[in-house]
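Here's the structure, in structure tokens; my notes come after.
The values are calculated or read from the model by the stated rules, or taken from the named source; none is laboratory data. Nothing here was measured: the structure is a model prediction, and the numbers come from that model. Quick reminder, even Gly has a Cβ in these numbers, built from the backbone with ideal geometry, and neighbours come from all protein chains shown. What goes into the accessible areas is simple: the full protein's heavy atoms, side chains included, and nothing from ligands, DNA or RNA. Shrake-Rupley method; radii C 1.70, N 1.55, O 1.52, S 1.80 Å.
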Amino acid sequence: MAYWNKCDLIIANALVVDGSGSAATKKDVAIDNDRLVEIGSLDGWMAEERIDATGLVLSPGFIDVHTHDDLEVIKNPTMDCKVSQGVTSVVAGNCGVSISPVYRSESMPAPFPLLGKPEEFSFPGIPDYREAFERARPAVNLALLIGHSSLRLNVMKETLDRPATDQEISLMSETLQRGLDEGSIGLSSGLDYPPAFAALKSEMVSLVRVLKDYPRAIYTTHMRDESDGVVDAVQETIATGREAGVPVVISHHKCAGPSNYGRSKITLDLIKTAQQTHRLALDVYPYTASSTSLLPRFIRNAEKILIAYSDPYPEFACQTLQEVADQWRCDLNEAAERLYPAGAIYFQMDEDDLRRILAFPSTMVGSDGLPTMAHPHPRLWGTFPRVLARYVRDQKLLSLEQAIHKMTGLSAKTFNLDERGLIRKGYFADLVLFDPKTIRDTATFEHPEQPARGISKVIVNGKVVWADSANTGQRSGVFLNH
Ligand SMILES: [Zn+2]
């Protein structure tokens, strides 16, 4: 009698794009419990369930390396905005603002409101956050960065508009070190925002240097300037990483404002040269509009600004700032100040820069989606399918294998997410099955909260969390630490 291997699930006849960048091949995949147990021809295997994936692509689940999902995974644990795109893991705590470790709950400066309300910052230590995460059982895996602005807020309270003293830096270093010991994967900064403007490069080098004792940790940065000073900011970032001796990821790289269009040629050249001697990567989202807090300083570099939410004037969501200013007979700055706390979408990038940055070999895909906004930027629901539809199928900027690598294998390697990001025997079964002919984003600036088309199934740690346009109710994500 023939000997049969048993497993939970077989996905047969899929075109497997394994996340490494190598060419797609037709294979069968066997999944048992939370792992990929065999790949290739599965003669002699039997399964509880079998999916015939003829005509579909099977790839590792997408890793959203740039998110602000810290609280979203707890408040909306089915995470439809992400799993509907094929995302199975998210990196949270970006741009200097992490929900933990923060021990303070009065009013909070921008951009903290993008994460949640002051009273929702209730995780003084990483273990507090991890416990809440595990209680919520989200559908996606999550790795957490510690925000530099969060550390500053804890130590410097109301006086964030000055450089930190040596004593404050050592207090921040202690908290960072404890957070890394307790499962955070690194440090993020948001030097373009009020809580961190005043931080000197030396403050950053001191803090980033803490990561050196953690060889798998990473520093990500929303740089000090993404518009007129973008070249200087790239240089500062490279110098910080180099002086600290720690790998760096430049977040959501862009050259914002019409007078800076085309400057990605300079920034990418700088990055390429620096990569010869230092580990440096970047991420990008596939849109020429950005989104963040509505602050007067961001206004001058945008061609058009849409209101994404306003606490005092919720009725203005989805109107332009110009329309609001016209109604109020005031200038844009005054309108922005009156609308605050508020968020906005800024049309301020050049398509050629975006294409150049996306095509750069060490660029990963990250959504930077902002789930708390009433009228969010469509990147929250559309990022990954948009790359596959617009930049792979329609424009042929990237091959399917290259694009998937930027969403999976490259991301897992850069962030040291073990045994994820590739379809390999023994790896975790985080997978997405999609139709390469029909996959596309449907989220738009007018109607941003729409699931993508063409995603057949999404599997997280061996469990199907999304199937045929709906979540299955399975929530099998885990907290990822080093
Ligand atoms: Zn940012």
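Here are the numbers for this structure:
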| item | result |
| --- | --- |
| Qualifying residue in region 112-119 (condition: open to solvent by 10 Å² or more (accessible area, probe 1.4 Å), farther than 24 Å from LEU211 by Cα, touching a Pro at 6+ places or on another chain (Cβ under 8 Å) and within 16 Å of the ligand (Cβ to nearest atom)) | yes |
| Given (1) under 29 Å from TYR214 (Cα atoms); (2) without any contact (Cβ under 8 Å) to a residue 60 or more places away in the chain; (3) touching a Ser or Thr at 6+ places or on another chain (Cβ under 8 Å), index of the condition PRO361 fails | (3) |
| Meets criteria (more than 16 Å from the ligand (Cβ to nearest atom), open to solvent by 10 Å² or more (accessible area, probe 1.4 Å), β-branched (Val, Ile, Thr) and in contact with a strand residue (DSSP E or B) (Cβ under 8 Å, 6 or more places away or on another chain)) for THR88 | no |
| Contacts under 7 angstrom Cβ, first residue in region 136-150 being not assigned by TED's automatic domain parsing to the domain that holds VAL73, partner part of a helix (DSSP H, G or I) and open to solvent by less than 10 Å² (accessible area, probe 1.4 Å), 6 or more apart | none |
| Single match in ALA139, ALA196, ALA164 (criterion: within 16 Å of the ligand (Cβ to nearest atom), assigned to a loop (DSSP other than H, G, I, E, B) and out of contact with any Leu (no Cβ under 7 Å at 6 or more places or on another chain)) | ALA196 |
| Every residue from region 180-193 that is within 15 Å of the ligand (Cβ to nearest atom), among the hydrophobic types (A, V, I, L, M, F, W, C) and part of a loop (DSSP other than H, G, I, E, B) | LEU191 |
| Test: residue in region 49-60 that is open to solvent by less than 10 Å² (accessible area, probe 1.4 Å), within 16 Å of the ligand (Cβ to nearest atom) and within 18 Å of the chain's Cα centre (by Cα) | no |
| Residue within region 302-316 that is within 16 Å of the ligand (Cβ to nearest atom) and touching a Leu at 6+ places or on another chain (Cβ under 9 Å) present | yes |
| Residue that is nearest to GLY61 (Cα to Cα), among those in region 91-107 that are within 16 Å of the ligand (Cβ to nearest atom) and free of Cβ contacts under 8 Å to residues at least 60 places away in the same chain | ALA92 |
| Unique match (being more than 24 Å from ALA412 (Cβ to Cβ), crowded, with 18+ Cβ neighbours inside 10 Å and touching a residue at least 24 places away in the same chain (Cβ under 8 Å)) among LEU9, LEU36, LEU42 | LEU42 |
| Some residue of region 360-378 being within 30 Å of HIS278 (Cβ to Cβ), within 16 Å of the ligand (Cβ to nearest atom), buried (at least 18 other Cβ atoms within 10 Å of the Cβ) and charged (D, E, K, R) | yes |
| Test: SER259 is outside any helix (DSSP H, G or I) and either closer than 28 Å to LEU306 by Cα or within 16 Å of the ligand (Cβ to nearest atom) (or both) | no |
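To keep it simple, each residue is scored yes or no on (1) farther than 22 Å from THR67 by Cα; (2) in contact with a helix residue (DSSP H, G or I) (Cβ under 6 Å, 6 or more places away or on another chain).
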position: SER170; (1), (2): yes, no
position: ARG178; (1), (2): yes, no
position: SER188; (1), (2): no, no
position: PHE197; (1), (2): no, no
position: SER202; (1), (2): yes, no
position: VAL205; (1), (2): yes, yes
position: ASP213; (1), (2): yes, no
position: TYR219; (1), (2): no, yes
